[in-house]
Amino acid sequence: MARYDINIFNRCIEVDLHGYSHRTAHMVAREKIKEAYEHGFRYVRLIHGAANIQHKEDGGSIKFALRSMLKSGELVRWVEERNSKNHKISDRSMVLALRKNPAPVDGEWKDMPIDEY
């Protein structure tokens, strides 16, 4: 079930992408990364699952799409460089270290779309 949890003490948001299609997961991940940066958070944990999938052709499309987003530089506006030691990439999730926002905002977090399946 797709959801997000905010930890204000660790300045981290955890986003579970289960229940989304590849396309929606990509959109939600990008939006939550941007939003976390805007709020001055330090980390975003994206839970994608597919822990037993090691190769793209075997499945795990969300897992590999997220890794591709980081590699391609698509997130460079908000996320530290792709080779940063502060990122934690695992089989089930990835924790991305965000750049420091010099002017964070305090406000409401946007709702996520409903599960697709």
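The values are calculated or read from the model by the stated rules, or taken from the named source; none is laboratory data. What you see is a predicted model, and the numbers here were worked out from it, not measured in a lab. Methodologically, a virtual Cβ is constructed for each residue, glycine included, from the backbone with ideal geometry; neighbour enumeration extends over all protein chains shown. Accessible surface is based on the protein model in full, side chains and every heavy atom, while ligands, DNA and RNA are left aside. Shrake-Rupley method; radii C 1.70, N 1.55, O 1.52, S 1.80 Å.
For this structure, a couple of remarks:
- For segment 81-108, the tally of residues that are under 17 Å from GLU35 (Cα atoms), open to solvent by less than 40 Å² (accessible area, probe 1.4 Å) and part of a loop (DSSP other than H, G, I, E, B) stands at 2.
- Positions within segment 23-51 being over 12 Å from the mean Cα position of the chain (by Cα), surrounded by 15 or more Cβ atoms within 10 Å (Cβ to Cβ) and under 19 Å from ALA65 (Cα atoms), in sequence order: THR24, GLY49, ALA50
- Residue that is modelled with the lowest pLDDT, among those in segment 26-80 that are in a loop (DSSP other than H, G, I, E, B) and among the hydrophobic types (A, V, I, L, M, F, W, C): ALA51
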